[in-house]
Amino acid sequence: MIATGGNSAGNGGDGYFSGALVHAPVAVYNPINIAVAGPHATADAHQTNNVVFDQSATQIAGVGGDGGNGNAASGGNVSAIGSTGSDAPGTGDNSAGNGGDGYAYGGIVHATFALYYPINIAVAGYNSTANAEQTNNVVFDQSAFQMAGVGGDGGNGNHAVGGTADIFSSIFELIGSDVIATGNNSAGNGGNGHFSGSMVDIDVAIYAPINIAVAGYNSTADAHQSNNVVFDQSAIQISGIGGDGGHGNTALGGDFAMHLLSDLHLLDHA
């Protein structure tokens, strides 16, 4: 066999992942505010909390590489003069800008736990005033973006061109000649995505504010509580997605030409 193919340009590398990606943060926030006053006294307990729990996660595993852009892979030329007793000449198997495959085996786990437990207490005795105020602005961001086994992009504007096979042969031996291959060219094919395992998103958030104001006889007790809470426990899970095939790619097989002028000349003089 005469082979000039096997050329590649800008093909994305394969991505492999085996194991587990685990994101398990824990946050506990427990403020306590207490004011106690005796007879004919005033007890004020003020508490203001601005809390942000950012437990978001981005987990990516087994992503194949990008195929690149504007790449070219060209096969060589095959020329033979005289008798052709050789096996199959090949100029194909060229590839350009093909996206790599992505493989992910295992599990992706996003498990978050957040506990927010503020306590505000004001206690006043006889003929006193107790004022307990609590303001809470809390954001729980437990979102997750999980991606596994995503094949690479095929790239754009790539070319894979097979070579040319030129044969100068005797017409009598053409009948028994072997196959001449110039194909098997590929350009801009998207990579495959493979994922085997599980994707788990477990979010737990506990928000339990307590505000207490206790006043004795002939007293005034005020308890004010204001809460602005945002729970973001959204999740985006993507697995086993094949890569984009790209745009404007070209894959051309080589030319095959037989020049028989000398053979026809022999027939005229036979």
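The values are calculated or read from the model by the stated rules, or taken from the named source; none is laboratory data. On a predicted model such as this, the values are computed, not experimentally measured, just so you know. Neighbour counts run over all protein chains shown; Cβ positions are idealised from the backbone, glycine included. With ligands, DNA and RNA removed, areas are computed over all heavy atoms of the protein, side chains included. Shrake-Rupley method; radii C 1.70, N 1.55, O 1.52, S 1.80 Å.
Table for the structure above
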{"quantity": "Test: residue in segment 217-234 that is at pLDDT below 80 and among the acidic types (Asp, Glu)", "calculated": "no"}
{"quantity": "Yes/no for residue 148 being open to solvent by less than 40 Å² (accessible area, probe 1.4 Å), within 23 Å of the chain's Cα centre (by Cα) and at pLDDT 80 or above", "calculated": "yes"}
{"quantity": "Any hit, segment 16-33, residues being polar (S, T, N, Q), at pLDDT 70 or above, open to solvent by 20 Å² or more (accessible area, probe 1.4 Å) and more than 41 Å from the chain's Cα centre (by Cα)", "calculated": "yes"}
{"quantity": "Criterion violated by residue 38 - all others in (1) modelled with pLDDT of 75 or more; (2) closer than 30 Å to residue 190 by Cβ; (3) surrounded by fewer than 17 Cβ atoms within 10 Å (Cβ to Cβ) satisfied", "calculated": "(2)"}
{"quantity": "Elements of type strands (runs of 3 or more DSSP E) contained in segment 192-244, each with 3 or more residues being surrounded by fewer than 15 Cβ atoms within 10 Å (Cβ to Cβ) and touching a residue at least 40 places away in the same chain (Cβ under 8 Å)", "calculated": "193-207, 220-232"}
{"quantity": "Residue in segment 114-121 that is under 33 Å from the mean Cα position of the chain (by Cα) and either among the hydrophobic types (A, V, I, L, M, F, W, C) or not in a strand (DSSP E or B) (or both) present", "calculated": "yes"}
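Quick grid of which residues meet (1) surrounded by 22 or more Cβ atoms within 10 Å (Cβ to Cβ); (2) modelled with pLDDT of 65 or more; (3) closer than 30 Å to residue 228 by Cβ:
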| residue | (1), (2), (3) |
| --- | --- |
| 62 | yes, yes, no |
| 67 | yes, yes, no |
| 77 | no, no, no |
| 88 | no, no, no |
| 91 | yes, no, no |
| 96 | yes, yes, no |
